[in-house]
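Working notes for the structure below.
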Amino acid sequence: MQVQSMHFKARSGQKLADQRLQQNLKKLSSKFVSGRASAITELDDFEGTRDAAIERRMRAIENLDVWLDTFEKEATRRGATVLYAETAEDASRLVVEIAKKHQVRKAIKSKSMVSEEMALNKALEATGVQVVETDLGEYILQINNNEAPSHIIAPVVHKDKEEISDLFARVHQRPRLTDIPEMTHEAREMLRPQFLSADMGITGGNFIIAETGSVAVVTNEGNEGMCTVMPPKVHVVVTGIEKVLPTLEDFATVMRLLPRSATGQSISNYVSLLTGPKRPGDLDGPEAMYFVLVDAGRTSLVGSEFQDMLRCIRCGACMNHCPVYQKIGGHSYGWVYPGPMGSVLTPSYVGVENALDLPQASTLCGECHVVCPVKIPLPDLLRKLREKQVEKHLRPASERLGLAAWAFLAKRPTLYRLATGMGVRILRAMGGSRKLIAKLPFGGGWTDYRDMPAPTGKTFRELYRQRK
Ligand code: SF4
């Protein structure tokens, strides 16, 4: 997927003005935020489970080479082929080669964000392979001119039912339906022949399990089962190398958190553990199974100050709770991963210079850290990325000048007191009788959509002294 993160400001401006999107994004709070809040109360020891999950994820990340090696041995022993890709392009090339080897004409896919990194559909289609998305959200996006997903677990959260009704009627050439069960039934009718005629099934992998050489795929629609054990003779798993978990017990621990944090469910409707291709005597399963394990920037985080990011279990809770994501949606972020996790992952994977505004796309309120099931310190990581931008002189001259002026004053307490004293008095005067500032000098963005309450005319230190 081409990186568009440099257009973050322009895109978010458009999204803020899009009333329909603003309405659709309200689903985040009404559905996911409240769902998670009640689901986590079901656990006797939520904090203990989080700590256990962190420990298990970090055991895998800190010994990534060892666990990947174990995984490869176990998966190979059970008949699968394990391939490694250093870049997203390499990964696409490997899948294309597998398709050619098995003379694949049609591939069906379940949802995979890594395949978005790889621009896999485009690569396969360029060689004449038809690709059909089977996750309902991804299917909707595909028939809507290959639109990009806007959320990692709810790819069409930015759309409403009416929009999808119009799309189905136009593309399916059937009478327009507005009842959701009827609409999903229609989508199933469209997809069923595709499942039955595909030669290759492609899935992501929520996790890969080293001790058994298995892939774990979690969905709510069961389409991953149709992509892997139904007709396709080849199953290809594409996933990131950081998704390895040493044992099934580790998987069980993480699964206590994933659906609860993602959709507020105790357990997802379908949890599949797939191990190796069909054996003699098996009734179903693919004849060949491949794992394409993608690096694409991940190893550069191992041992770095951003290593904690690798334990992400892709639940989406950070974006559901983020006040910035809730207003602008996922497309503004310009790459595969939106929200706070994307604001760390995108600059880490594609270069901080290609995603200049993402580390700033946060109020640093800390809510993402609070709700992250594996306690990734997202605000700290965003702050570190901001530091990197300053070190590399990537911030605009006006901002650098402002920070230099502030640093100069902050190191001189008397001067600082004088300057801040003058500043708050000027701001009070600007507030006038309304006590509201309609246009803040040097900070217009803050007052574009609302007035700023004028200060009382006293600095923080003066107020603090009074309070004492
Ligand atoms: S950073 Fe945490 S909250 Fe966000 S997707 Fe990853 S695991 Fe979930």
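Every read-out reported here was derived from the displayed coordinates using simple, explicitly stated rules and does not represent laboratory data. No experiment lies behind these values; they were computed from the predicted model shown. Here Cβ is always computed from backbone atoms with ideal geometry, including for glycine, and neighbour counts include all displayed protein chains.
A few points about this structure:
- If you go through the range 242-254 and keep only what is among the aliphatic types (A, V, I, L, M) and either surrounded by fewer than 22 Cβ atoms within 10 Å (Cβ to Cβ) or in a loop (DSSP other than H, G, I, E, B) (or both), you end up with Leu248, Ala252.
- One residue from Val129, Val114, Val156 being touching a Gly at 6+ places or on another chain (Cβ under 9 Å) and in contact (Cβ under 8 Å) with a residue 24 or more places away in the chain: Val114
- Residue check for Gly79: on the phi > 0 side of the Ramachandran plot and more than 20 Å from the chain's Cα centre (by Cα): yes
- For the range 294-315, the criterion of being touching a Cys at 6+ places or on another chain (Cβ under 7 Å) and within 16 Å of the ligand (Cβ to nearest atom) is met by none of the residues.
- Scanning the range 411-437 for residues that are polar (S, T, N, Q) and exposed (fewer than 14 other Cβ atoms within 10 Å of the Cβ) gives Thr414, Ser433.
- Options Ser268, Ser272; residue that is within 16 Å of the ligand (Cβ to nearest atom), touching a strand residue (DSSP E or B) at 6+ places or on another chain (Cβ under 6 Å) and either in contact (Cβ under 8 Å) with a residue 24 or more places away in the chain or of a type in the set (Asp, Glu) (or both): Ser268
- Single residue of Arg93, Arg36 found to be of a type outside the set (A, V, I, L, M, F, W, C) and either touching a strand residue (DSSP E or B) at 6+ places or on another chain (Cβ under 9 Å) or in a strand (DSSP E or B) (or both): Arg93
Residues are listed down the side, and each one gets a yes or a no for (1) within 13 Å of the chain's Cα centre (by Cα); (2) more than 30 Å from Glu462 (Cβ to Cβ); (3) crowded, with 20+ Cβ neighbours inside 10 Å:
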residue	(1), (2), (3)
Leu310	yes, yes, yes
Ile328	no, yes, yes
Gly339	yes, yes, yes
Glu353	no, yes, no
Cys372	yes, yes, yes
Pro377	no, yes, no
Lys388	no, yes, no
Leu394	no, yes, no
Ala397	no, yes, no
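- The range 344-397 - residue that is of a type in the set (Lys, Arg) and either within 16 Å of the ligand (Cβ to nearest atom) or touching a His at 6+ places or on another chain (Cβ under 7 Å) (or both) and, of those, farthest from Arg11 (Cα to Cα): Lys375
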